[in-house]
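The values are calculated or read from the model by the stated rules, or taken from the named source; none is laboratory data. It should be emphasised that the depicted structure is a prediction, and the values quoted were computed from it without experimental measurement. Neighbour counts are summed over all protein chains in view; Cβ atoms, including those assigned to glycine, are modelled from backbone coordinates with ideal geometry. Accessible surface is based on the protein model in full, side chains and every heavy atom, while ligands, DNA and RNA are left aside. Shrake-Rupley method; radii C 1.70, N 1.55, O 1.52, S 1.80 Å.
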Amino acid sequence: MHRKVIFTLNELDLRRAGRLHVFSSARNARTMIRMSILWIGAMAVLSGYLYLLGMPWPELRENLPVFALVISAATFGVSFIFPLALGPIIIRRRFRQDKLLRQAGTVNWDEEAYTVEQPGIYNRIQWGDYSKWREDRHVFVLFRSDYTYQVLPKRVLAREQIEDIQRLLSTRSRNGIF
């Protein structure tokens, strides 16, 4: 089996990877903690602001569930809805501006590293340098940090190659490398 493919990313690949990134972040404990802190802070600020404007405490306490619902919707919207809604627009623009994204690249992998080559660029990244990985039925997303990732579309891979990459990634996950 060849551990090498040549392909060109398209906008759909990047949109799928972006969605996977957003949903992956939603399952991250740190993200949930940050959102909870944001929610508590927003509740405190709104309650304090309304109290300073003269809203009596009993009325303020009575309206807290409504405030909580509004702040929850706002927090959820900013954290998830905006990235999902604006992602395709940002990707379309990035794809139009970044010529490197539209060039064919060669990807190969072995037991030690994942290599990407494009004209004038060569990256060989050890599996241990990735912080995490995600996949869905369309793409593999290999994260170097919470915000930097590489996309490998499954549409360019044979079934055996997909299984090989899954094996490599899952072995490293179990061994604590990711």
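General remarks:
- Among 46-58, 71-83, sorting by the average number of other beta carbon atoms lying within 10 angstrom of each residue, highest first, gives 71-83, 46-58.
- Take every pair of alpha-carbon atoms less than 8 Å apart whose residues are at least six positions apart; their mean separation over the length of the chain yields a relative contact order of 28 percent.
- Virtual paramagnetic centre 7 Å along Cα→Cβ of A73, amide N under 18 Å, in segment 39-63: 39-40, 42-43, 46-47, 63
- Residues in segment 1-16 that a label on Y122 would reach, taking backbone N under 20 Å of a point 7 Å out along Cα→Cβ: 3-7
- Distant-in-sequence amide contacts of V139, defined by a placed amide H-H separation under 5 Å and a gap of 5 or more residues or a different chain, comprise K154.
- Accessible area expressed per residue, the chain, with surrounding protein chains retained (probe 1.4 Å, Å²): 62
- Nearest 10 degrees, 0 to 90: helix 159-174 Cα axis against the chain principal axis: 60
- Once C-alpha pairs closer than 8 Å and six or more residues apart are averaged by separation and normalised to the residue number of segment 108-178, the relative contact order reads 22 percent.
- Those aspartates and glutamates that a straight Cα-Cα span of less than 15 Å connects to K4, excepting residues fewer than 8 apart in one chain: D110, E111, E112, E117, E160, E163, D164
- For the chain, the share of accessible area belonging to carbon and sulfur comes to 60 percent (1.4 Å probe, ligands and nucleic acids excluded).
- Highest mobility in the GNM of the chain, judged by mean-square fluctuation with C-alpha springs under 10 Å and restricted to D164, D98, D13, is found for D98.
- Calculated from backbone phi, Karplus (6.51, -1.76, 1.60) coupling profile of segment 82-87 in Hz, x at Gly/Pro: 4, x, 5, 6, 8, x
- Longest DSSP-loop-exposure-free segment, GluC sites (Glu not before Pro), the chain, at most 14 other Cβ within 10 Å: 1-110
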